[in-house]
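> Encoded as structure tokens, here's the structure I'll be asking about.
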């Protein structure tokens, strides 16, 4: 199980990751618009194929970064759900242990009396 400090650190990293993903998507979208604009400018002979190629290379890198960050976010979300499910299972196990204890040691009695009774039963 992950301690509170580790979980806080992961949450902070997830928040940063979400920001990075948004920035990467914005950069990719900007480069896509540049690509379209450069294609129009090439037809008007106002831009070069080299400018288009440089933009396309940056666009490919930006798309790869978006894909990488989206996968990391998806993995983090999966991990958080798994941790939550594991915690719920742990709570259920403890509740079952308490119910079994109550059944063995007398539910209506005071906690001190129940402990004395259970100590004698063991």
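> Please list, ordered by first then second residue, the pairs with beta carbon atoms under 9 Å, 6 or more apart or interchain, first in segment 19-39 and more than 22 Å from residue 72 (Cβ to Cβ), second at pLDDT 95 or above and surrounded by fewer than 13 Cβ atoms within 10 Å (Cβ to Cβ).
38/48
> Return yes when residue 81 is assigned to a helix (DSSP H, G or I) and exposed (fewer than 14 other Cβ atoms within 10 Å of the Cβ) and no when it is not. If you could, list the steps in order and put the result at the bottom.
Numbers: assigned to a helix (DSSP H, G or I): yes; exposed (fewer than 14 other Cβ atoms within 10 Å of the Cβ): yes.
Answer is yes for this residue.
> Which residue out of 59, 82 is modelled with pLDDT of 95 or more and more than 14 Å from the chain's Cα centre (by Cα)? I'd like the intermediate steps shown before the answer.
Values: 82 fails: more than 14 Å from the chain's Cα centre (by Cα).
Residue meeting the stated conditions: 59.
> I'd like the residue in segment 14-54 that is closer than 30 Å to residue 89 by Cα and out of contact with any helix residue (DSSP H, G or I) (no Cβ under 8 Å at 6 or more places or on another chain) and, out of all such residues, is modelled with the lowest pLDDT. Even if it seems obvious, please write down each step before you answer.
Taking segment 14-54 as the starting set, the residues that turn out to be closer than 30 Å to residue 89 by Cα are 14-18.
Filter once more, so that each one left must be out of contact with any helix residue (DSSP H, G or I) (no Cβ under 8 Å at 6 or more places or on another chain): 15-16.
Values: 15: 56, 16: 64.
Filtering segment 14-54 for residues that are closer than 30 Å to residue 89 by Cα and out of contact with any helix residue (DSSP H, G or I) (no Cβ under 8 Å at 6 or more places or on another chain), the one modelled with the lowest pLDDT comes out as 15.
This table checks each residue for (1) surrounded by fewer than 10 Cβ atoms within 10 Å (Cβ to Cβ); (2) modelled with pLDDT of 95 or more; (3) touching a strand residue (DSSP E or B) at 6+ places or on another chain (Cβ under 9 Å); (4) under 30 Å from residue 28 (Cα atoms).
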{"residue": "69", "(1), (2), (3), (4)": "no, yes, no, yes"}
{"residue": "72", "(1), (2), (3), (4)": "no, yes, no, yes"}
{"residue": "86", "(1), (2), (3), (4)": "no, yes, no, no"}
{"residue": "90", "(1), (2), (3), (4)": "no, yes, no, no"}
{"residue": "106", "(1), (2), (3), (4)": "no, no, no, no"}
{"residue": "110", "(1), (2), (3), (4)": "yes, no, no, no"}
{"residue": "117", "(1), (2), (3), (4)": "no, no, no, no"}
{"residue": "120", "(1), (2), (3), (4)": "yes, no, no, no"}
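The values are calculated or read from the model by the stated rules, or taken from the named source; none is laboratory data. Quantities reported herein were computed from a predicted structural model and do not represent experimental measurements. Glycine gets a Cβ as well: all are built from the backbone with ideal geometry, and neighbour counts include every protein chain shown.
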